[in-house]
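Undergrad: Have a look at the structure that comes next, please.
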Amino acid sequence: MVDQYRKSFLSIVRRGLLGITAMLGCAVVAACGGSGSGGDAGPVKTVTIASIAYPYQGKQVFNGLNGIVLEQGWLKEQLAKKGIDLVFAPVSTAVGGPLINEGFSGKRIDFASYGDFPAVIAVSGGVPLKIVAPVGQGQDVYLIVRKGLAARRVEDLKGKRIALHRGRPWELPFSKLVDSKGLKLTDFKIVNINPSATPAALESGSVDAAVLLSDGLLVEQKGIGRVIWSTKEAPADWKMRAELFARKDFVDAHPDLTQLVVDAFVRAAVWSSDEANRDGVIQRSSRGALPPEIVAKDYANSGIPWRERFSPLFSPALRTHYHSVADYALERGLIRNKVDADALLDERFVQQAIKDQKLEGFWAQPAPAVN
């Protein structure tokens, strides 16, 4: 069964890589004048940040902190003073992880805001990365059952068909839920389909349940399914996470530019943390993705105070989370080489940004780990 899952996952990766030249390659190379980021041996001409983008009003938009960094314009101005261009490379949600990993591998991108699982896979495959800034406190994962199914707990789904896009960040929380109940993934009929196809599969009865992000709330709102569990009921380190990752060789060669990028993301986090900007954050997070009321409900469900939701501070929960991701990916055969989770974390740039922007005490210090 593990071999079956590995083959399925690798198939996803291969399909994503087929589009790399047309999508990420064109987006980055064209924007950088064909020189990429200038490599790490010579002067940097371009700093390139990849992130998921959504079609909205006839153009690609970046949601969350990426969009705010662009709107604020501070990073672009600071880099321009050094004669360096800033490029945000848009990536489709359908092939986000594999596409970004290929961009890192080919040194066509320097930074990316993306999920935990794909990043660990890249590192295991020989592409050294660093987490230079956490992006908030994680995102909730939802387990939804189709309309008419009487299931109330994950145990009630034994033998049922569950839509789970393999190798994506939400696989880990579901696996932890299954393990916590003394079950195994093989107790279910896992159907490996893209989240965009999941609502139709639930409505037609092709699957009995699904593991989704906040789009699960939209499925519930439309009456197609019903949420029976979410990571709100679980420890903090179970949430799906996305961070600002950077190529290690870029960080080593250009710590000054890395600091500027992290400074910009911390500035964006400060703006997002202001209660007065709540509506603006929700509107920006919903563009091309989900209705604002669904985004607002997802935020409210988490129970995380508004300011702390956007904290860029490294926490024990973050460290525990990446240990879990690395261990799970190895145990399930999604990676073949062990990943040192501690080596992923590089806190110095956030620490410097906090000091330079006089933000000491702005966000609550994370509680120490309990041994």
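The values are calculated or read from the model by the stated rules, or taken from the named source; none is laboratory data. Please read all numbers here as calculations on a predicted model, not as lab measurements. All Cβ positions, even for glycine, are placed from backbone atoms using ideal geometry, and neighbour counts span all protein chains on display. What goes into the accessible areas is simple: the full protein's heavy atoms, side chains included, and nothing from ligands, DNA or RNA. Shrake-Rupley method; radii C 1.70, N 1.55, O 1.52, S 1.80 Å.
Undergrad: Just for region 106-148: of the residues that are open to solvent by 30 Å² or more (accessible area, probe 1.4 Å), of a type outside the set (Val, Ile, Thr) and in contact with an Asp or Glu (Cβ under 9 Å, 6 or more places away or on another chain), which one is modelled with the lowest pLDDT?
TA: Top of the filtered list is GLN137.
Undergrad: Across region 42-75, what is the total count of residues that are more than 21 Å from the chain's Cα centre (by Cα) and over 22 Å from ASN277 (Cα atoms)? Lay out the reasoning, then the answer.
TA: Taking region 42-75 as the starting set, the residues that turn out to be more than 21 Å from the chain's Cα centre (by Cα) are 42-46, 57-59, 72-75.
Now narrow it down to the ones that are over 22 Å from ASN277 (Cα atoms): 42-46, 57-59.
The qualifying residues number 8.
Undergrad: How do the pairs read when you match residues in region 287-306 that are modelled with pLDDT under 90 with residues anywhere that are of a type in the set (Phe, Trp, Tyr), using Cβ under 8 Å and keeping only pairs 6 or more apart or on different chains?
TA: Cβ pairs passing all conditions: ARG287/TYR54; ARG287/TYR56; GLY288/TYR54; GLY288/TYR56; ALA289/TYR54.
Undergrad: Go through region 65-77 and give me each residue that's outside any loop (DSSP other than H, G, I, E, B) and farther than 22 Å from LEU129 by Cα. Outline the logic, then answer.
TA: So the first thing to find is which residues in region 65-77 are outside any loop (DSSP other than H, G, I, E, B), and the list is 65-72, 74-77.
Within region 65-77, GLY67, ILE68, LEU70, GLU71, GLN72, TRP74, LYS76, GLU77 qualify.
Undergrad: Among the residues that make up region 253-272, is at least one of them modelled with pLDDT under 95, among the polar types (S, T, N, Q) and surrounded by 21 or more Cβ atoms within 10 Å (Cβ to Cβ)? Give the derivation first.
TA: Step one: list which residues in region 253-272 are modelled with pLDDT under 95, which gives none.
No: zero hits.
Undergrad: Also: In region 346-362, how many residues are within 19 Å of the chain's Cα centre (by Cα) and either open to solvent by 20 Å² or more (accessible area, probe 1.4 Å) or not hydrophobic (A, V, I, L, M, F, W, C) (or both)? Don't jump to the end; show me each part of the working.
TA: Taking region 346-362 as the starting set, the residues that turn out to be within 19 Å of the chain's Cα centre (by Cα) are 346-347, 350.
Adding the requirement that they be either open to solvent by 20 Å² or more (accessible area, probe 1.4 Å) or not hydrophobic (A, V, I, L, M, F, W, C) (or both) leaves 346-347.
So the count comes out to 2.
Undergrad: Could you check, for region 300-309, whether at least one of its residues is in contact with an Asp or Glu (Cβ under 8 Å, 6 or more places away or on another chain), of a type in the set (D, E, K, R) and open to solvent by 60 Å² or more (accessible area, probe 1.4 Å)? Spell out the reasoning first.
TA: So the first thing to find is which residues in region 300-309 are in contact with an Asp or Glu (Cβ under 8 Å, 6 or more places away or on another chain), and the list is 301-302, 306-307.
Now drop any that are not of a type in the set (D, E, K, R), which leaves 307.
From what is left, the residues that are open to solvent by 60 Å² or more (accessible area, probe 1.4 Å) are 307.
Yes, there is a match, as at least one residue in region 300-309 is in contact with an Asp or Glu (Cβ under 8 Å, 6 or more places away or on another chain), of a type in the set (D, E, K, R) and open to solvent by 60 Å² or more (accessible area, probe 1.4 Å).
Undergrad: Quick one: which of VAL270, VAL339, VAL281, VAL295 is of a type in the set (Val, Ile, Thr) and under 21 Å from VAL120 (Cα atoms)?
TA: Working: VAL270 fails: under 21 Å from VAL120 (Cα atoms); VAL281 fails: under 21 Å from VAL120 (Cα atoms); VAL295 fails: under 21 Å from VAL120 (Cα atoms).
Just one listed residue meets the conditions, VAL339.
Undergrad: Do the conditions hold for LYS45, that is, is it more than 25 Å from ALA133 (Cβ to Cβ) and modelled with pLDDT of 55 or more?
TA: Values: more than 25 Å from ALA133 (Cβ to Cβ): no; modelled with pLDDT of 55 or more: yes.
Considered against the rule, which asks whether it is more than 25 Å from ALA133 (Cβ to Cβ) and modelled with pLDDT of 55 or more, LYS45 comes out as no.
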